[in-house]
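First the structure, in the form of structure tokens, and then the observations on it.
The values are calculated or read from the model by the stated rules, or taken from the named source; none is laboratory data. In this text the structure is predicted, and so the values were computed from the model without any measurement. Backbone-built Cβ (ideal geometry, glycine too); neighbour counts: all protein chains shown. Surface areas here come from the heavy atoms of the whole protein model, side chains and all, with no ligands, DNA or RNA. Shrake-Rupley method; radii C 1.70, N 1.55, O 1.52, S 1.80 Å.
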Amino acid sequence: MPQRRSHVAPSAAQTELAAALAALRESLDAPTDFPAAVVAEAEATKAATPELDLRDIPFATLDPLGSRDLDQAFHLERDGSGFAVRYAIADVPGFVAPGGEVDTEARRRGQTLYAADGTIPLHPKILSEDRASLLADVDRPALVWTFALDSSGTVTDFRLERALVRSRAQLDYVSAQAALDRGEGGPAALLPEIGALRIEQEKIRGGASLNLPDEEVTRAADGSYAIERRHPLPVEEWNAQLSLMTGMAAASLMLDAGTGILRTMPQPDEKAFDAFRHQTEALGRPWTTGRYGDYLRDLDRADPMTLPVLEAAATLFRGAGYVTFDGSAPSDAQQAAIAAPYAHATAPLRRLVDRWSLEICLAVSEDRDVPGWVRESLPDLPALMQSSGQRASRLDSATINCVEAALLTPFVGRTVEATVIEIRGERATVQLADPAVTASAPVPAGTVPGGRVSLRLVSTDVARGEIEFAI
């Protein structure tokens, strides 16, 4: 898909939008600032220096341009016919005292929220964007996973250790992809090869990747807002495979220990599969044979019907949650999309649950008991993460709705063309090309997914994020 970017030009709608986004923050009870006691504790906290020194390993980070909350750093090298992969994770457990002010506030927040006008962090920035972040050219404590991969990309061995590391480079996705496309070396030189092997392993397992275009609200230097929709770059998908590999390793450690928290997703039932098959037929891209993961992987990104197909496939990826256990492993530990047991363990700066996963995995790796506070608080985590996830979803959807209403305000009273993505009764989800807006609208009888419709824009309400069309 070509990258599309739609801007809200400076106008009355822009002013109304800024007020709507500020009001949205307040309605979510998600303050950017932290209580004084939390900040004071964060400023006074110092993590112990690990005995293991891995500063001679040239780690690198790979994130969106300008990021400062850097959770992961990698080092890739060949090892005989296979590979050695080191994956360093920010040592948030070393900075956050259980039951302290920072811990208590983090449990209330659950995760970092990404708003159009800035982030609402999980931890004070002195930790998340400074002392605990794996920034380049500074020494940092980290939890380092070391993987041995054979020539097929299969993990043959792994270990987890607390170590002192020093990242040598802070890469961003766009520049890293460009460098790889030019055939340049550097820290990410082996990432395409290892990433492709891990994607093949996912295929063998029966996993499925749903690479929907990112839909992100951005803010320009002049204060104007925009919606950017783009497919993830290949380098992002390869990088994600390192995180998935680590999450599966964390899950295996916790399952073996009989204590942990897993990220789960049920396998879609036959009713969901049948509905998806009918939708692909209606879109002219029928899924007739093979596993649905293979079908999704083989979709042509340049095909204009790929987006509607992926939107339809999203119905197969529902029901994700967390399951905790202490004493015996759960009977169904699978994460259906990954086709393996999986745990969140690679983003502790930005997600609460990862700190628990890392604490458990480190205890198991060091052959010591899981800390009492971890076991006592495990049952609370699913509800905490569900609450924060709902807050994040409301923020994302409401923000996009408000920006889309502002984008369309200049078009009120005009007729616009749209592509039908999904039909539900007499209404449909439609996609406008310019401005790039997804909305609900009435459609004429006989309209099918993938068809084009002409709609008259009746009104917009920026504060409520509402758009009204008529046929």
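Here is how the numbers come out for the structure above:
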item: Inter-site label distance for Ala84 and Asp222 at 7 Å from Cα along Cβ, in nm; result: 5.3
item: Cα principal axis extents for the range 182-301, largest first, Å; result: 50, 46, 33
item: Tail weight of P(r) past 19 Å, computed on alpha-carbon pairs of the range 117-251, percent; result: 66
item: Stretch gain in nm, segment Asp53-Arg414, where the contour uses 0.36 nm per residue and the Cα spacing is subtracted; result: 123.5 nm
item: Amide H within-cut-off set for Ala436, under 5 Å, with H built and near neighbours excluded; result: Ser6
item: Per-selection metrics, the range 411-471 (Cα): Rg and Dmax in Å; result: 10.8, 34
item: Listed peptides 107-115, 375-383 by packing density, highest first (mean Cβ within 10 Å); result: 107-115, 375-383
item: Size descriptor, Kirkwood hydrodynamic radius, that averages inverse alpha-carbon separations across the range 170-217, Å; result: 12.8
item: Rounded to whole Å, sorted largest first: equivalent-ellipsoid semi-axes of the range 26-104, Cα gyration tensor; result: 33, 18, 10
item: Two-site FRET efficiency, Glu77 against Ser27, from Cβ-Cβ distance with R₀ of 60 Å, rounded to 0.05; result: 0.75
item: DSSP H segments from the chain that extend 30 Å or more along their own axis, Cα-based, with Kyte-Doolittle mean of -0.5 or above; result: 234-257, 381-408
item: Probe 1.4 Å, accessible area per residue of the chain, Å²; result: 43
item: Convex hull per residue volume in Å³, alpha carbons only, for the range 40-177; result: 139
item: Inter-probe distance in nm under a simple model that places probes 7 Å from Cα toward Cβ, at Glu281 and Ala314; result: 2.4
item: Percentage relative contact order, the chain, counting C-alpha pairs under 8 Å, at least six apart; result: 19
item: Paired Rg and Dmax values of the range 360-405, which use every Cα atom, in angstrom; result: 17.9, 56
item: Residues whose placed amide H lies under 5 Å from that of Gly451, excluding near-sequence neighbours; result: Val420
item: The range 313-471 - Debye-derived log10 I(q)/I(0), Cα point model, q = 0.18 Å⁻¹; result: -1.06
item: Ellipsoid equivalent to the range 338-379 - semi-axes via the Cα gyration tensor, in Å; result: 18, 13, 10
item: Protein accessible area in the chain, 1.4 Å probe - carbon and sulfur %; result: 49
item: Hydrodynamic radius (Kirkwood) for the range 293-403, which is based on Cα pairs only, to one decimal in Å; result: 17.1
item: Reach of Lys271 by Cα under 27 Å, taken over lysines that are not fewer than 8 positions away in the same chain; result: Lys203
item: Using alpha carbons only: equivalent-ellipsoid semi-axes of the chain, gyration tensor based, whole Å; result: 38, 27, 22
item: Integer Hz, Karplus 6.51/-1.76/1.60 couplings in order for the range 76-85, x for Gly and Pro; result: 10, 8, 6, 9, x, 8, x, 9, 10, 10
